[in-house]
Ligand code: 4AD
Ligand code: MG
């Protein structure tokens, strides 16, 4: 009896009769032979249909197969030194599940817009497999990191009554005659979680109506956000550093083959080790000015500034204490200099930009009320949040890591659009 296996498992079934279920991605024929390249999601393998080994029907069926036709194959696993997997299948029987229509994605090169329009099919290509497997591994590494350190997973809501990261990038929805917004960040809810459990995190989709077209911005992206009670800014940076080192190591160990397939230069990833350099915003501005970038003190950094800054370091850099005026309302002021916020960003090396934003939160009720007013935000939807400062307020801190930017960095991709299965961007809501 033939056993049903996946292509990744063929090596364990040398000489045995097996059943494979998959899709045809390429075919070559010569006289009495059809060479079928079959993929099943776990890998690809050559299946050889020899006229002398199969019935006439099976041989003709193989001839009619089009690219991406779905099929079931029964055959024998044979060693084949020339193949990349080391094996091939000698076909005994072949069942067609469906003959595919003319497949739009052919081996010739296609433009990005075309591929993006066919994203639902593009996901079948080897390059997308490699990227999305790395993504899946990064997500697992993030979750494992916090789970193993006794953080409690607290899911944040997607519909929210108030903004977290400024009102200019809110997606508004009609919530039974009330206004609701798609969440920009789970942070405020994680603060409630930290006061309840001490150490928490959330992992979910977040939304920003980003009106600019850049290679780092999506309108829907995934964020992992830890939040810890009794943690200060320095401790927050320690946590972010340890977290990123652990995730990068994990992916290098588990997904090296995929990174190599993507031709990622692994050297810079191997160098991601503690300690990461830590510089203040003011020092960062000095670096920019020395590099001839005319950056006024007080403005937030843009993508280009981040690239110039990151070039100074061989590993991620932590930039702390930005001017409060260019950051969100909830940040605690630096007691040493009231103009500054106790916040930090982590910039990835090699020009991949900010991957983490976070810091210490304002824990005084009066200060927080003042900041909400200063940012011209309506206080009513924040009453629950202010309660956290009324009932046992403590110093606390956390951060958010953007999954897609992290995938772009680790895979070495210039644009975030391939880092998520179905990207949502300014001009893309399809498929
Ligand atoms: O710096 P941000 O805006 O920080 C926050 O949302 C905090 N409330 C998080 C926290 O402290 N819990 O966003 C955090 C990260 C960025 O560093 C970036 O990696 C990613 O989220 N990010 C985006 N990724 C893709 N597309 C966008 N439009 C993004 N905006 C932010
Ligand atoms: Mg930020």
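Quick note: the coordinates plus some simple rules give every number you see, no bench work behind them. Every value quoted in this text rests on a predicted model; they were computed, and no experiment measured them. For neighbour counting, all protein chains shown are included, and Cβ atoms are generated from backbone atoms with ideal geometry for every residue, glycine included.
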Full extension from residue 376 to residue 66: what is 0.36 nm times the residue separation minus their Cα-Cα distance, to one decimal in nm?
105.5 nm
Return an integer: the convex hull volume of the alpha-carbon atoms of the chain, in Å³ per residue.
182
Which whole-number percent is the relative contact order of the range 179-270 (Cα, under 8 Å, 6+ apart)?
23
Could you give the spread of the C-alpha atoms of the range 262-328 along their three principal axes, from largest to smallest, in whole angstroms?
39, 23, 21
Computed E for residue 3/residue 196 - FRET, C-beta separation, R0 51 angstrom, nearest 0.05:
0.55
Using only Cα atoms, find the angle between the long axis of helix 187-197 and the longest principal axis of the chain, and express it within 0 to 90 degrees, rounded to the nearest 10.
80
Debye-sum result for the range 387-429 in log10 I(q)/I(0), which assumes one identical scatterer on each alpha carbon, at q = 0.31, 0.34 Å⁻¹:
-1.09, -1.11
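Based on the Kirkwood radius over alpha-carbon pairs, what is the Stokes-Einstein translational diffusion coefficient of the range 60-107 at 10 °C with 1.306 mPa s viscosity, in µm²/s?
D = 128 µm²/s.
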I need to check one value: relative contact order of the chain, counting alpha carbon pairs closer than 8 Å and at least 6 residues apart, in percent.
14
Starting from the Cα of residue 40, step 7 Å along the direction of its Cβ; do the same at residue 283; then give the gap between the two resulting points in nm.
5.5
So what is the calculated 222 nm ellipticity per residue for the chain, using -39500 (n - 2.57) for each DSSP H run with n of 4 or more, over all residues, to the nearest 500 deg cm²/dmol?
-9000 deg cm²/dmol
Relative to the longest principal Cα axis of the chain, at what angle does helix 126-148 sit, 0 to 90 degrees, rounded to 10?
50
I need the per residue convex hull volume for the range 239-298, using only the alpha carbons, in cubic angstrom as a whole number.
127
Please list the equivalent ellipsoid semi-axes of the range 77-160, computed as the square roots of five times the alpha-carbon gyration tensor eigenvalues, in descending order and whole angstrom.
37, 24, 15
Using only the alpha-carbon atoms of the range 113-196, report the extent along each of the three principal axes, biggest first, to the nearest angstrom.
43, 39, 22
So how far apart, in nm, are the two label points at residue 299 and residue 234 if each is 7 Å from Cα heading toward Cβ?
3.4
Please list, in order, the residues from the range 30-53 whose amide nitrogen is less than 20 Å from a point placed 7 Å along the Cα→Cβ vector of residue 128.
37-45
State, to one decimal in nm, how far the label point of residue 363 lies from the label point of residue 113, with both points 7 Å from Cα in the Cβ direction.
5.3
How long are the semi-axes of the equivalent ellipsoid of the range 303-431, defined as square roots of 5 times the Cα gyration tensor eigenvalues? Whole Å, largest first.
32, 20, 13
